Amino acid sequence: MPNDTFITTSGLEISVTHGQEGALVHLNGRVNIDSSPGLRDRLLAMLQGEHPEAVTIDLSEVPYIDLSGIATLIEALKVARNRETTLHLAGLQERLLHVLEVTGVLSLFEASGHASPPSASGAV
């Protein structure tokens, strides 16, 4: 898959690739109050403009997420649902998985059929 866009915003690298099965948004860095507005802008532009069938957000290289990052994921899920786009979370490591479980966010994705149980690779 070709790398379509690469953005750095407040220490967070956002790489978007497009393929036959939809878009892959790979994040590298901390998703926090400083970086989440840039992530939000990119996700909403993609979901509202390009309208892919499916979007996978790869969090395998995200060591930290705060409440603003969680709010960004929830907003992206809401827009994806309204646009009939499937939104997946992938690559959740132990710390992020725990945060999303404790806050109840993971169940929002699971209830929508947009997340799967952890596999041996640690992906969700």
- Query: Would you pick out the residues in the stretch 96-111 that are modelled with pLDDT under 90 and among the charged types (D, E, K, R)?
  - Reply: Glu110
- Regarding Gly19, is this residue touching a Ser or Thr at 6+ places or on another chain (Cβ under 7 Å) and either under 24 Å from Phe6 (Cβ atoms) or modelled with pLDDT of 95 or more (or both)? no
- Taking the stretch 6-49 as the region of interest, how many residues are surrounded by 14 or more Cβ atoms within 10 Å (Cβ to Cβ) and touching a residue at least 24 places away in the same chain (Cβ under 8 Å)? 28
- Query: Does the stretch 115-124 contain at least one residue that is touching a Pro at 6+ places or on another chain (Cβ under 7 Å), assigned to a loop (DSSP other than H, G, I, E, B) and at pLDDT below 85?
  - Reply: yes
- Query: So which residues in the stretch 50-76 are surrounded by fewer than 21 Cβ atoms within 10 Å (Cβ to Cβ), in a helix (DSSP H, G or I) and at pLDDT 90 or above, if there are any at all?
  - Reply: Leu67, Ser68, Ile70, Ala71, Ile74, Glu75
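The values are calculated or read from the model by the stated rules, or taken from the named source; none is laboratory data. Just so you know, these numbers come straight off a predicted model, no measurement behind them. FYI the Cβ positions are ideal-geometry reconstructions off the backbone, even for glycines, and counts take in every protein chain you see.
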